[in-house]
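I have placed the structure first, in the form of C-alpha cells, so that the comments after it can refer back to it.
Bear in mind that the values in this text are calculations on the coordinates, not laboratory data. Note that the structure is a prediction, hence the values are computed from the model and not measured. All Cβ positions, glycine included, derive from the backbone under ideal geometry; neighbour counts span all protein chains shown.
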Amino acid sequence: AQSVTQLGSHVSVSEGALVLLRCNYSSSVPPYLFWYVQYPNQGLQLLLKYTSAATLVKGINGFEAEFKKSETSFHLTKPSAHMSDAAEYFCAVTRTGTYKYIFGTGTRLKVLA
Amino acid sequence: ETGVTQTPRHLVMGMTNKKSLKCEQHLGHNAMYWYKQSAKKPLELMFVYSLEERVENNSVPSRFSPECPNSSHLFLHLHTLQPEDSALYLCASSQEAGTEAFFGQGTRLTVV
C-alpha cells in the first residue's frame, strides 16, 4: 500500500525567505511522486514530478524537490518566497500501472510581507 | 481550449434536483477521473475511466452516476443529493496509469 504524509497543515514564511514544505511517503514499490499547487477555488496545478530519473527535480515557479529514498522523503523547496506563492500545496504518490493517486492532506503556505 | 475544462464552475441545487457536471479534456489523454474535495479532508477518488471503460469505483453512493461517452468527455450525473455532498468536484485526466494527472478548475457544488 502507498501513503503520503505532509507535516504541517499551515506554514508561514516571510517574503524572500526559504520555503520548505515536507512530504514523506510510504511505498512497497518504486514510487512516482508529485507536487501540486492549488489557489483558492481553482483546480490543482502540477508543480513537478519524480518518476525515477534524476533525484533532484526542478519545477515551475522556481520550486524544486529532492527524492531521498533513505528518508522516504520528497520535500518541496524554493529559495525565496514570493507573495504569489501563497496557496495550498499537495504531495501525491502513485506507481506504474495504477490509476490511484494518493494525496496528502495539504499544506497551506502563507507569505508574510 | 487547452487542458481540462469543467462546467459549470458553480452549482447550487436542491436535494430533489437532477443536474450534471461536465468535463472535457483537450490533451489526448486516455484516462479521466472524478475527485471530490471537501474541507479538511484529503482528495477522494470517485471514479476512473480508461478508454471509456470504468476501471475504478470507490464505493461512491448511487446518487452519483458517471458517464464517459468518449475519451475526451466525462460527466457526473447528480440526483437526490444530500447537504454533505457539497464540495469542490474536480475532474482530471492522464495519459495512462501512473503518469501525472492534469486537473480542471473544478465545480463548486452547494446542496441546499
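Figures for the structure shown
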{"read-out": "Number of the condition not met by B:PRO83 [criteria: (1) within 14 Å of chain A (Cβ to nearest Cβ); (2) closer than 23 Å to B:THR110 by Cα]", "value": "(1)"}
{"read-out": "Given (1) farther than 25 Å from A:GLN45 by Cβ; (2) hydrophobic (A, V, I, L, M, F, W, C); (3) surrounded by fewer than 17 Cβ atoms within 10 Å (Cβ to Cβ), index of the condition B:LEU78 fails", "value": "(3)"}
{"read-out": "Checking A:ALA81 against (1) of a type in the set (Gly, Ala, Ser); (2) outside any strand (DSSP E or B); (3) out of contact with any Asp or Glu (no Cβ under 8 Å at 6 or more places or on another chain), the condition it does not meet", "value": "(3)"}
{"read-out": "Total residues in segment A:98-113, condition closer than 22 Å to B:CYS91 by Cβ and either in a loop (DSSP other than H, G, I, E, B) or β-branched (Val, Ile, Thr) (or both)", "value": "8"}
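Residue-by-condition table, conditions (1) of a type in the set (Asp, Glu); (2) more than 8 Å from every other protein chain (Cβ to nearest Cβ); (3) assigned to a loop (DSSP other than H, G, I, E, B):
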position	(1), (2), (3)
B:HIS29	no, yes, yes
B:TYR33	no, no, no
B:SER65	no, yes, no
B:LEU76	no, yes, no
B:LEU88	no, no, no
B:ARG108	no, no, no
